[in-house]
There are 2 protein chains.
Amino acid sequence: MLTTKDSLIYPEPLRPNTEDAESEDVWGFRDTRFSINQKGHATLLGRRYELSGKELPRLLPWIRETLGIELDPHDTFPSSFPTYIPPPQENLAFHCAIKKFLRPDQISCEDRARLRHGHGQTQEEMFAIKYDRLARTPDLIVSPESEAEVTRLIEAAKIHDVSLVPYGGGTNVTDALRCEAGETRMIVSVDMRRMNRVLWIDPLNQMACIEAGAVGRDIMMQLAGHGYTMGHEPDSVEFSTLGGWIATNASGMKKNKYGNIEDLVLDVTVATANGKLERATCVPRESIGTDLRRLMFGSEGTLGIITSAIVKLFPLPEAQRYGSILFPDFESGFAFMTEMTAKMAPPASIRLVDNTQFQFSQSLKPGSSGWRARKSAMERFFVIKIKKFDPDKMVACTLVFEGSHSEVAQQEKAVYEIAARHRGVKAGSENGRKGYQLTYSIAYIRDFLMNYYIIAESFETSVGWADALPLIANVKQRLAAESRRRNLPGKPFITARVTQVYRTGVAVYFYFGFYFKGVDRPSEVYLELENIAREEILRSGGSLSHHHGVGKLRQAYLPQVMSATALKWKQELKNSVDPTNVFGVGNQHLTGPRM
Amino acid sequence: MLTTKDSLIYPEPLRPNTEDAESEDVWGFRDTRFSINQKGHATLLGRRYELSGKELPRLLPWIRETLGIELDPHDTFPSSFPTYIPPPQENLAFHCAIKKFLRPDQISCEDRARLRHGHGQTQEEMFAIKYDRLARTPDLIVSPESEAEVTRLIEAAKIHDVSLVPYGGGTNVTDALRCEAGETRMIVSVDMRRMNRVLWIDPLNQMACIEAGAVGRDIMMQLAGHGYTMGHEPDSVEFSTLGGWIATNASGMKKNKYGNIEDLVLDVTVATANGKLERATCVPRESIGTDLRRLMFGSEGTLGIITSAIVKLFPLPEAQRYGSILFPDFESGFAFMTEMTAKMAPPASIRLVDNTQFQFSQSLKPGSSGWRARKSAMERFFVIKIKKFDPDKMVACTLVFEGSHSEVAQQEKAVYEIAARHRGVKAGSENGRKGYQLTYSIAYIRDFLMNYYIIAESFETSVGWADALPLIANVKQRLAAESRRRNLPGKPFITARVTQVYRTGVAVYFYFGFYFKGVDRPSEVYLELENIAREEILRSGGSLSHHHGVGKLRQAYLPQVMSATALKWKQELKNSVDPTNVFGVGNQHLTGPRM
């Protein structure tokens, strides 16, 4: 970079915050957990979120009604966390080699840490660590603090035949971190989170260089302190890292305004099995042949360790407003999304939830009394009695507008005009805001419900406009039919939302869950059903994944969606850049010559 | 694609237009050429362009003054086009093999066609075909009409050890088509232009499938007939092809609104040395591992033959307006561009030319009389006398606004407000429009001027905001100094414009030319100076290329801009996907085991 060093800002490193410790056995922060209180109401323990400390009287009744079950607060599925943790495999030569350049506090073979580093957040893995077991975990965890240490780790791994697995937030939902049972080499988890600095901010060129182990919430906070955002806000932003975003080709909530990860990242520095992938100068765009840095996007830990990236910066928006619109049915809402996307630049975020998810979000509203209760009642009256919306059909669209005051005003006006043409009724910014804030708490709900014999997961796809509604209907019908065929207790919970729009199509997010008391091997049953749903998705014209990735969970489907030539190129690329499979986590069926 | 076939549109193939024949020895259509008339004025022959048939009385005087030369219309540098064309090398086995599936009219070894297929549009090549010679040309030209034929060509090339070079518009400016003198195999140019159909248009999903040999102007015309554009308008759009755009990672004039080629192309089908790279479903965005199709972007013919692509569609804009703003100096104009880009989404196109280029565009205005002359005189009076602009410092910014009526109105308002803060003076849409239309005629001027001992070329770069002005100054100073040092006659012509803006920087386009009568080996001298300019660019923080690419012209600089690891990955990728170097055009130093 030739910009005079005077103009760069070098932020102070963050001081670690001990209050931000994570749970080991469930999603999220240790200080936050759903619970059932004395009155039998669901409540969110802790003080971190807007919902924290509030009573949610409608949640459990809604779950009981939707799933057709009792859900007795005293009838729990007792967790045996942690179940069996495989003892660490030793490789003394490697261990000695790394002690030469890593301090003792950078090396750990502690059991529960090794367990955590050996899984992500799939239902299968979360079930296994409480009720079953993981066959294999990393044998050692190292925490490098510099690029030089990462480079030396790779050298040592090559010499001593060790498999390295980069670790960021551990939030993937594709079994990407799951260790192969047949891996005979020592498996070392390379925890990148001590490399978490915003190295420099360049206000003149509107970019920043950030280490790959920096966690989303810390990046947001540090950049905001200087008046910037990098515009990437995935649902996992509290825990996931910049390196993880690149490795999974991530997408964020406000991609309409800022772009997806491939639009936001200008440059990537990677430690590979054969030296460092890096560039001296960072320019906005260039044509210098195949851009090899692009190979890292979606590589899921198989090609090298991302150590830092240069990202675009955007000024924090002058104005930010939430909004919500109610539609009488999903088709009207979808027609609105179609017209809106064709006619205007969409707002920063826009989502359309189906009736089930709308009811779900309503059930998460804290107990109301007094003014709030009357207001809610009046809103319900208006929509149902005056507008004649059917409460079992109506859906909601939630929106976030960001930009200058005049941009936001113009967008709101244009959006609501189009919505009115599709019988949309404005439902206010408060409902919009609550819809988005619920996203962070819903992640805790899945693990909470597992205690009460409920298993659930999300899965997603991208699909062209014309195929989206049939795809959603096909998946819902298929899952309902397959659940009946297996005589699962109660009724399954299946819901969809359109979670992103593009000129050429949409991203669709499903939640699917069922009650499993009395069901044999429920996690395996879930996986079967999820695969059936995925096959239905592929048959209906959807992709293998919009943003979650492939990992091991979906690798078996790669031959269905990629030509034989492409699969061959992929493995040959892997063979070229990592001939001895140092980066041996094995995602996307990418292996080395040994296996 | 699962969209019901009913909803797709299958356009009729275009009927070839014989009036659109291209020149063989110079840029452009055969019906258009600059010339000097009886009065000694420059004029544009033909009827194709707005400027055609008009007298341009100020052009030659301006060139004489700027270059400090006589430019006698009768003192021409006589062209010997075509100079020596190497006789075709034969490979009977290959020739027999392809006759089994290609008709005689699809196979040619005609000399002048082979010559044309062996070069692009660099000054070096254009000089060579008239005044020197190309060392090697293709030995055969084939014109496939289907993917199946392309596949069979590759099979035959593998079996009979032939080098295949894909050919589109032949408009590259990087020596990308130039054949290696040491190539011992038969070289076959695969002219893709018979594969030029818009295969289908999908109005519901806003995308179209187009064969890779389709030429830009035909794509624009066919899509416009249905109310669409794909939003890509490079300066070469009259001749360059979709496959060529992908292979060079192209950028278009209106990328601010529509995106660059990597944003516009959703899917690529490629015939490779090991089968076909293709996908069954086209979705807006996905995460399924490294996207191998991205490898084709910028691959410049070294990895396979692109046969078709699926591109985004945009409705033709409701409103389109041109604009222009005069600034007292380049720094004011640049400060305006900086503020504008930071504060708003930029208009579809915005360019800032320096004083020399501003004067150049003024000199291209047709002769004025009556009302027009008085209007021009009044404009000049206002700007120079009233606003006190120095005619040797003032610069112009040209703009294109596209969108809905309200979007365009809002953008214009915002742009002109910011411009006023930097002493910008609105100069009207007419001047803006003329500025853009000149882009297509300027391409003819370079070849016209070679007749009068003037050699010129364009080159470009991308660079961060903070380094742009120093970079421009450094390049201009260096070229001026080096021209003096070589005692080149007259004065060199060096001009720059900011031709694209990004959040993080700009693209800069230079023209450099000099009078070479009495100069020994002028084309080699030009190349030396261009390389010196490129070194100055790299030293000043600019990239090797924003959009022209690398080809052979800049391949020597790759080790300066890419890490050793990246270069190694590139060659290994090439070795993997094309182990016998079937696609042997040799760009970016990518070779096979034989060489």
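The values are calculated or read from the model by the stated rules, or taken from the named source; none is laboratory data. All figures in this text were calculated on a predicted structure; none of them were measured in a lab. Cβ coordinates were reconstructed from backbone atoms using ideal geometry, including for glycine residues, and neighbour counts include every protein chain displayed. These accessible areas exclude ligands, DNA and RNA; they are computed on the full protein's heavy atoms, side chains included. Shrake-Rupley method; radii C 1.70, N 1.55, O 1.52, S 1.80 Å.
Numbers for the structure displayed
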| read-out | value |
| --- | --- |
| All helices (runs of 4 or more DSSP H) inside segment B:200-271 with 2 or more residues being over 20 Å from B:Phe29 (Cα atoms) and more than 14 Å from chain A (Cβ to nearest Cβ) | B:216-225 |
| Any hit, segment B:114-124, residues being open to solvent by 40 Å² or more (accessible area, probe 1.4 Å) and assigned to a loop (DSSP other than H, G, I, E, B) | no |
| Matching residues in segment B:309-323 - criterion: being buried (at least 22 other Cβ atoms within 10 Å of the Cβ) and farther than 26 Å from A:Glu460 by Cα | B:Gly323 |
| Within segment B:272-283, considering residues that are in a loop (DSSP other than H, G, I, E, B) and within 9 Å of chain A (Cβ to nearest Cβ), the one modelled with the lowest pLDDT | B:Ala280 |
| Unique residue being more than 8 Å from every other protein chain (Cβ to nearest Cβ) and more than 21 Å from the chain's Cα centre (by Cα) when the list is B:Asp329, B:Asp291 | B:Asp329 |
| Residue count, segment A:555-576 (criterion: open to solvent by less than 10 Å² (accessible area, probe 1.4 Å) and modelled with pLDDT of 95 or more) | 1 |
| A:Lys434, sole failed condition from (1) open to solvent by 30 Å² or more (accessible area, probe 1.4 Å); (2) farther than 21 Å from A:Ala348 by Cα; (3) not in a loop (DSSP other than H, G, I, E, B) | (2) |
| Residues located in segment A:555-595, provided they are facing another protein chain (nearest Cβ under 9 Å), in contact with a strand residue (DSSP E or B) (Cβ under 9 Å, 6 or more places away or on another chain) and within 16 Å of A:Lys158 (Cα to Cα) | A:Val577 |
| From the options B:Glu300, B:Glu286, residue that is assigned to a loop (DSSP other than H, G, I, E, B) and free of Cβ contacts under 8 Å to residues at least 40 places away in the same chain | B:Glu286 |
| In segment A:503-549, residue most open to solvent (accessible area, probe 1.4 Å) [restricted to those that are assigned to a helix (DSSP H, G or I) and either within 22 Å of B:Leu204 (Cβ to Cβ) or within 7 Å of chain B (Cβ to nearest Cβ) (or both)] | A:Arg539 |
| In segment B:444-502, the residues that are away from chain A (no Cβ under 12 Å), touching a Ser or Thr at 6+ places or on another chain (Cβ under 6 Å) and β-branched (Val, Ile, Thr) | B:Thr495 |
| Within segment A:174-199, considering residues that are assigned to a loop (DSSP other than H, G, I, E, B) and among the hydroxyl-bearing types (Ser, Thr, Tyr), the one most open to solvent (accessible area, probe 1.4 Å) | A:Thr184 |
| Considering residues of segment B:200-214 that are of a type outside the set (S, T, N, Q) and over 25 Å from the mean Cα position of the chain (by Cα) only, the residue most open to solvent (accessible area, probe 1.4 Å) | B:Leu204 |
| Pair list, Cβ under 9 Å, 6 or more apart: segment B:251-263 residue more than 18 Å from B:Ser236 (Cβ to Cβ), other residue charged (D, E, K, R) and surrounded by fewer than 19 Cβ atoms within 10 Å (Cβ to Cβ) | B:Asp263/A:Asp263 |
| Residue list for segment B:151-173, restricted to those being within 26 Å of the chain's Cα centre (by Cα) and either of a type in the set (Val, Ile, Thr) or outside any loop (DSSP other than H, G, I, E, B) (or both) | B:Ser163, B:Leu164, B:Val165, B:Pro166, B:Tyr167, B:Thr171, B:Val173 |
| Residue within segment A:130-145 that is open to solvent by 10 Å² or more (accessible area, probe 1.4 Å) and assigned to a helix (DSSP H, G or I) present | yes |
| Count of residues meeting criterion [in contact with a strand residue (DSSP E or B) (Cβ under 6 Å, 6 or more places away or on another chain) and at the interface with another protein chain (Cβ under 10 Å from one of its Cβ atoms)] in segment B:313-326 | 2 |
| Positions within segment A:449-467 being among the aromatic types (Phe, Trp, Tyr) and open to solvent by 10 Å² or more (accessible area, probe 1.4 Å), in sequence order | A:Tyr452, A:Tyr453, A:Trp465 |
| Given (1) farther than 28 Å from B:Leu326 by Cα; (2) open to solvent by 30 Å² or more (accessible area, probe 1.4 Å), index of the condition B:Pro492 fails | (1) |
| Residue check, B:Glu50 touching a helix residue (DSSP H, G or I) at 6+ places or on another chain (Cβ under 6 Å), assigned to a loop (DSSP other than H, G, I, E, B), surrounded by fewer than 16 Cβ atoms within 10 Å (Cβ to Cβ) and not small (Gly, Ala, Ser) | yes |
| Residue list for segment B:268-281, filter: open to solvent by 10 Å² or more (accessible area, probe 1.4 Å) and either of a type outside the set (Gly, Ala, Ser) or over 22 Å from A:Gly464 (Cβ atoms) (or both) | B:Thr269, B:Asn274, B:Gly275, B:Lys276, B:Glu278, B:Arg279, B:Thr281 |
| Answer from A:Ala456, A:Ala473 - the residue that is within 17 Å of A:Asp354 (Cα to Cα) and aliphatic (A, V, I, L, M) | A:Ala473 |
| Conditions (1) at pLDDT 95 or above; (2) in a helix (DSSP H, G or I); number of the one not met by B:Leu488 | (2) |
| Filter result (aliphatic (A, V, I, L, M), farther than 19 Å from B:Ile129 by Cβ and open to solvent by 10 Å² or more (accessible area, probe 1.4 Å)) within segment B:157-173 | B:Ile159 |
| Breaking point among (1) open to solvent by less than 10 Å² (accessible area, probe 1.4 Å); (2) under 24 Å from A:Gly542 (Cα atoms); (3) in contact with a helix residue (DSSP H, G or I) (Cβ under 6 Å, 6 or more places away or on another chain); (4) in a helix (DSSP H, G or I), for B:Arg294 | (1) |
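Here's the yes/no breakdown for (1) away from chain B (no Cβ under 14 Å); (2) out of contact with any strand residue (DSSP E or B) (no Cβ under 6 Å at 6 or more places or on another chain); (3) buried (at least 21 other Cβ atoms within 10 Å of the Cβ):
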{"site": "A:Asp392", "(1), (2), (3)": "yes, yes, no"}
{"site": "A:Thr398", "(1), (2), (3)": "yes, no, yes"}
{"site": "A:Gly403", "(1), (2), (3)": "no, yes, yes"}
{"site": "A:Ser406", "(1), (2), (3)": "no, yes, no"}
{"site": "A:Gln410", "(1), (2), (3)": "no, yes, no"}
{"site": "A:Ala420", "(1), (2), (3)": "yes, yes, no"}
{"site": "A:Gly424", "(1), (2), (3)": "yes, no, yes"}
{"site": "A:Ala427", "(1), (2), (3)": "yes, no, no"}
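Table: residues versus (1) of a type in the set (Asp, Glu); (2) closer than 30 Å to B:Lys491 by Cα; (3) in contact (Cβ under 8 Å) with a residue 40 or more places away in the chain.
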site: B:Glu65; (1), (2), (3): yes, yes, no
site: B:Phe77; (1), (2), (3): no, yes, yes
site: B:His95; (1), (2), (3): no, no, yes
site: B:Gln106; (1), (2), (3): no, no, yes
site: B:Gly118; (1), (2), (3): no, no, yes
site: B:Phe127; (1), (2), (3): no, yes, yes
